[in-house]
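Asks: Before I ask anything, let me first share the structure, which is written out below as structure tokens.
The values are calculated or read from the model by the stated rules, or taken from the named source; none is laboratory data. This structure is a prediction, so every number in the text was calculated from the model and none was measured. When we count neighbours, we look across all protein chains shown, and the Cβ atoms used for this are built from the backbone with ideal geometry, even at glycine.
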Amino acid sequence: MQGNPWRRLSRRVAYANPWLTVWHDEVIRPDGRPGIYGVVHFEGHATGVVALDADDRVLLVGQYRYTLDEYAWEIPEGGGAPGEDPLAAVQRELREETGYRAADWRVLGGCWTSDSVTDERATLFVARDLTPGEPSPDGTEAIQVRWVPLPEALAMCRDGRIMDAMSIVALQWVALDRGRSSGAG
């Protein structure tokens, strides 16, 4: 399909804080009928990292997610400030959440986090050659750190122990890269 089948008639701010804005849009839908659309716009961008040690274990972080009202396991991730380099943002997040620093960084790719409700984009990385340190999570984070073998992290994605989209995408990309480099697939 070519072109945008939506027509925005108006946009107003329904809610805003320093990190995000929720827009209320009056629209003409693709079927020609009037409608509304809510868009969550993030001021920065999302980043996440699959941190791998020499034994091919993945560093996961666990924390209680207020939005979900449940505990979640995921890769270290967070938000970069507007204009901040995604690599600098994810390096800071890894250090803050886990205390680890990495000497070897590679971009895995990008994705939209939930493109039916938000324009948020994520940049995902893989990091190796890790050095431990002291974590310094912010006041909204009570984080537990856990090392798991890569196959177990992938199994956690399949069986629902990891439900975070950025984590699932990044871990799958690492697994796909493994398959390519081993000659499989």
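Asks: Please count how many residues of segment 1-42 are under 23 Å from the mean Cα position of the chain (by Cα), surrounded by 10 or more Cβ atoms within 10 Å (Cβ to Cβ) and not aromatic (Phe, Trp, Tyr).
Replies: Filtering segment 1-42 for residues under 23 Å from the mean Cα position of the chain (by Cα) gives 15-23, 38-42.
Retained after the next criterion (residues that are surrounded by 10 or more Cβ atoms within 10 Å (Cβ to Cβ)): 15-16, 19-23, 38-42.
Now narrow it down to the ones that are not aromatic (Phe, Trp, Tyr): 16, 20-22, 38-41.
Here the count works out to 8.
Asks: Considering only residues of segment 54-84 that are part of a loop (DSSP other than H, G, I, E, B) and touching a Leu at 6+ places or on another chain (Cβ under 6 Å), which is surrounded by the most Cβ atoms within 10 Å (Cβ to Cβ)?
Replies: Kept after step one, since they are part of a loop (DSSP other than H, G, I, E, B), are these residues of segment 54-84: 54-56, 66-69, 75-76, 81-84.
Now restrict to residues that are touching a Leu at 6+ places or on another chain (Cβ under 6 Å): 56, 76.
Details: 56: 13, 76: 26.
Result: 76.
Asks: Taking segment 111-152, which residues are surrounded by fewer than 14 Cβ atoms within 10 Å (Cβ to Cβ) and under 30 Å from residue 36 (Cβ atoms)?
Replies: Scanning segment 111-152 gives 112, 114, 115, 116, 117, 119.
Asks: While we're on this one: State which residue pairs qualify: first residue under 15 Å from residue 61 (Cα atoms) and inside segment 124-152, second residue surrounded by 14 or more Cβ atoms within 10 Å (Cβ to Cβ) and hydroxyl-bearing (Ser, Thr, Tyr) in any location, beta carbons under 6 Å apart, and separation of 6 or more residues or different chains.
Replies: Close Cβ pairs satisfying both conditions: 132/100; 135/98; 145/98.
Asks: Report, ordered by the first and then the second residue, all pairs with beta carbons closer than 7 Å, sequence separation of six or more or different chains, a first member in segment 40-51 that is closer than 25 Å to residue 102 by Cβ, and a second member that is among the acidic types (Asp, Glu) and assigned to a strand (DSSP E or B).
Replies: Between residues of segment 40-51 that are closer than 25 Å to residue 102 by Cβ and residues that are among the acidic types (Asp, Glu) and assigned to a strand (DSSP E or B), the close pairs are 46/77; 47/77; 48/77.
Asks: List the number of the failed condition for residue 91; all other conditions in (1) at pLDDT 95 or above; (2) under 28 Å from residue 176 (Cβ atoms); (3) in contact with a strand residue (DSSP E or B) (Cβ under 6 Å, 6 or more places away or on another chain) hold.
Replies: The one condition residue 91 does not meet is (3).
Asks: Provide a single number: the residues in segment 64-88 that are among the hydrophobic types (A, V, I, L, M, F, W, C) and at pLDDT below 95.
Replies: Residues that pass the stated criteria total 2.
Asks: So if I check each of 98, 118, which one is touching a residue at least 60 places away in the same chain (Cβ under 8 Å), at negative phi and among the polar types (S, T, N, Q)?
Replies: Numbers: 98 fails: touching a residue at least 60 places away in the same chain (Cβ under 8 Å).
That would be 118, the only listed residue that is touching a residue at least 60 places away in the same chain (Cβ under 8 Å), at negative phi and among the polar types (S, T, N, Q).
Asks: Would you point out the residue of segment 2-23, among those that are assigned to a loop (DSSP other than H, G, I, E, B) and free of Cβ contacts under 8 Å to residues at least 12 places away in the same chain, that is nearest to residue 116 (Cα to Cα)? Reasoning before the result, please.
Replies: Kept after step one, since they are assigned to a loop (DSSP other than H, G, I, E, B), are these residues of segment 2-23: 2-6, 17-19.
Then drop every residue that is not free of Cβ contacts under 8 Å to residues at least 12 places away in the same chain, which leaves 2-4, 17.
Values: 2: 19, 3: 18, 4: 15, 17: 21 Å.
For segment 2-23, the residue satisfying everything is 4.
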